[in-house]
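To keep things clear, I will list the structure first and then write my remarks on it.
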Amino acid sequence: MNFGRDKLIKYGLVATLAIAAAFPFLSDSMFLLNLLVLMLISIIFASAWNLLAFSGQGSLGHAAFLGIGAYASTLIAIQSGISPFITIFLGATVAAFIGVLIGLTCVRLKEWFLAMVTFGFAIIVQALTVSVLAPMTGGWDGIASPRLVSPSIPGYQLIEYYAILVITIASLIAIWYIMKSRLGLAFLAIRENELEARASGVDPVRYRLIAFAMSAYLAGVAGALQIHHIGYITPELYGVDNSFWPITFVILGGLGTLAGPVIGTIVLTIIWEGLKATGLTFGRYVIVGFILILTIIFLPKGLVNLPERLQVWWRGRGRKETFVEPQRE
Amino acid sequence: MDDIGIFLQILFWGLYAGCIYILLATGLNLIFGVMKIVNFAHGEFLMIGAYITATIFLLTGINPYVILLLSMLALIGIGAVVERLCFRPILGTGKLNEIFLSIGLIYVFQNGAAMVWGDAWQSVKSPYDGITVPVGSLNVPIDYIIIIAFTAAILIALFIFLKKTRIGMEMRATSQNRKGAMLIGINVERIDVISFGIGCALAAAAGTLWVVSGQVFNPYMGSIPAVKAFAIIILGGLGSIPGAIIGGLLMGIAENSAAFYLGGVWKDAVSFIILIVVLVVRPTGLFGEKGE
């Protein structure tokens, strides 16, 4: 029973990419295509959150950066008439800048203070959007946002889908490089032991801020994509729900891994849409809550760890005492 | 003259809102002190407490201030079960894990409650509705005064419990030094369950007082007060009960002033602005010693 882990990942990756690329030719359901687009955006968002968690910082208010990226991109596109393809990245830069400011307030604090500050920050940004900034943002009613690809172009949904697919893949490759590089190593060092990291010359404050900027940037990209895909933006985007979803996706998939957010998002989206078919409303959230709790308790490394756990179980079956609970990092 | 009247009114609202925050924050402080866990789902216990009180009151018509005790007892049980099944298995695996687990709890409790009671805003009329007491230049609903008195009574009872009873002393010992407590023969896991239960009971009391004041409630009411309660215990300094009381009152008053002078959307935002400012200026909180 020795199926190579690397091989498994490689085949899985190729198969996922092939399905994603060929999907529009397999099915012409606009509903599924739309779902797939939203799923890709969720993957970017969850990966952004995961990158921050990779450096040991858990944010409970990532919807703030989703929203800032979306609003900034929309407003720039409306004011200047630049194509949304460019304003996405400008909006994300604004999100990254604000992310650094928020990061600055809590880099020196305990890890869970950051959770509170970010949670509160999402509420503050929402309050700003509907009060002081209302003349620009349209308050609670929101404003129309330019579409990523104008609906007047034939087959615009397909173009949009492939554009978003390319951006998603590019984001994942970028995250992969970051995780493999010295930067990723520094994040890991800070997460595992801040004191030792400092002793070996890694400045925790600097690297935490870098992680914050990159995570907020990607979240901003996800937000801008989502809003240019839907074509309308409201302050609901800052909601608590949007802050909690990436956490659920990442925990289910596997915290701190590249594949975790992708697998978690895909699996949970399938479960979520499947439950929708059964007509559950609140029940769906209860089930998601149970999935989250059970994952944390019984599968702390997420679904990416499942093959390994099964292998250990397979080898150890019959011999009770050899099963060793995998140590948490 | 009119300005002073409005100011007093805001002060009273703040005092009343502060009572609810104090009860929540004290419960959280107790749990954090003993177990060192961060439970963002604490507000869900407030919500369950509120619904238990409202349901029993609507079904039987018993005075809601009596149901307070029932609701607190029920929440001791629910809290003990949650602690045993959810938090004990992950104790010591890191603060972030606890936060993520509490998000799961938030999903389960909020939407479970919505399945049972529906997600519409509801409200209950207290039996003393409409009776007011003149305080200075303004008429204060008698319910507010009862609520403030109940909060004070609960806090005094808690104080005596912690200082005088054996379990209370064991709780304080565990919160000061968990290993030391184990060494002198305290069953810290039992203390964990008890503290979590008492913390939840305090949240239930807050929920009950929320309901009897005539405020609207729905299954999603708990999450923001819970995070605010955390803000309060950080403001007041971790583990400091007087700090939590002063922090709670300040937060209640600041919030109601902001809602009145700046508009309703700022009610929630202002507490977090205060929190961020305090954390930047004084990371150990206003009355904190050295933190955790």
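From zero up to wherever the largest Cα-Cα distance of region A:184-229 sits, split into 5 Å bins and tell me the percent of pairs in each.
Spelled out per bin, shortest first, that is 5, 22, 23, 14, 11, 9, 8, 5, 2, 0.
In the structure shown, do any of A:301/B:179; B:95/B:228; A:7/A:301 have a Cα-Cα gap over 24 Å, and if so which?
Details: A:301/B:179 28 Å; B:95/B:228 18 Å; A:7/A:301 20 Å.
Table pairs above 24 Å Cα-Cα are A:301/B:179.
Give me the number: length gained by fully extending residue B:81 to residue B:129, i.e. 0.36 nm times residue separation minus the C-alpha to C-alpha distance, one decimal in nm.
Computed gain between residue B:81 and residue B:129 is 13.7 nm.
Tell me, what is the FRET efficiency for residue A:200 and residue A:28 to the nearest 0.05, using R0 = 56 angstrom and their Cβ-Cβ distance as r?
The formula returns an efficiency of 0.50 here.
Given R₀ = 22 Å, FRET efficiency for residue A:162-residue A:236 by Cβ-Cβ distance, to 0.05?
Numbers: r = 28 Å, r/R0 = 1.27.
That pair, residue A:162 with residue A:236, gives E of 0.20.
Express in whole angstrom the spacing between the alpha-carbon centres of region A:145-175 and region A:176-222.
29
So for the pair residue A:143, residue A:89, with labels modelled 7 Å out along Cα→Cβ, what separation do we get in nm?
That separation, rounded to one decimal, is 2.3 nm.
Can you tell me the length gained on complete extension of the stretch residue B:119 to residue B:182, counting 0.36 nm per residue apart and subtracting the Cα distance? Working shown, then result.
Values: separation 63, 0.36 × 63 = 22.68 nm, distance 4.45 nm.
Once the chain is fully extended between residue B:119 and residue B:182, it gains 18.2 nm.
Mind giving me the FRET efficiency for residue A:11 and residue B:62? R0 is 41 Å, r the Cβ-Cβ distance, nearest 0.05 is fine.
On the way: r = 65 Å, r/R0 = 1.58.
For R0 = 41 Å, the calculated efficiency reads 0.05.
Mind checking the dipole of chain B: about its Cα centre, +1 per Lys or Arg Cβ, -1 per Asp or Glu Cβ, Debye to the nearest 20?
It works out to roughly 940 debye.
Just the Cα atoms of region B:123-218: what Rg and Dmax do they give in Å?
Radius of gyration, then largest Cα-Cα span, for region B:123-218: 18.6, 58 Å.
Which whole number gives the average count of other chain Cβ atoms within 10 Å of the Cβ atoms across peptide B:128-140?
On the way: counts 0, 0, 0, 0, 0, 0, 0, 0, 0, 0, 0, 0, 0.
For peptide B:128-140, the averaged partner shielding equals 0.
Test of understanding: what is the full-extension gain from residue B:142 to residue B:6, defined as 0.36 nm times their sequence separation minus their Cα-Cα distance?
47.1 nm
Under 5 Å between amide hydrogens, which residues at least 5 positions from residue A:232 or on another chain qualify, with H placed 1.01 Å from N in the peptide plane?
A:145
Just want the ordering: B:36, A:10, from fewest to most Cβ atoms lying within 10 Å of their own Cβ.
Ranking B:36, A:10 by Cβ neighbours within 10 Å, fewest first, gives A:10, B:36.
7 Å from Cα along Cα→Cβ at both residue B:73 and residue A:101: what's the point-to-point distance in nm?
Reported label-point gap for residue B:73 and residue A:101 is 5.3 nm.
How much mean residue ellipticity at 222 nm does the protein assembly as shown get from its helices, if each DSSP H run of length 4 or more adds -39500 (n - 2.57) and you divide by all residues, to the nearest 500 deg cm²/dmol? Don't skip to the end; give the middle numbers.
Values: 25 runs with 454 residues, N = 621.
About -25000 deg cm²/dmol.
Calculate the spin-label point distance for residue A:150 paired with residue A:312, positioning each point 7 Å from the Cα along the beta-carbon direction, and give it in nanometres.
Label at residue A:312, label at residue A:150, 5.7 nm between them.
Where in chain B are the helices, taken as whole DSSP H runs, whose Cα atoms extend 24 angstrom or more along the long axis and whose Kyte-Doolittle mean reaches at least -0.5?
Correct list, ordered by number: B:2-35, B:42-60, B:64-82, B:95-117, B:142-164, B:188-212, B:241-262.
Could you grab the relative contact order for chain B? Cα pairs under 8 Å, six or more apart, rounded to a whole percent.
On the way: 444 pairs, mean separation 108.7, N = 292.
That works out to 37 percent.
Taken together, the values in this text are just the output of simple stated rules run on the coordinates, not laboratory data. Since the structure is predicted, the reported quantities are computational estimates derived from the model, not experimental observations. So basically every Cβ, Gly included, is an ideal-geometry build from the backbone, and we count neighbours across all protein chains shown.
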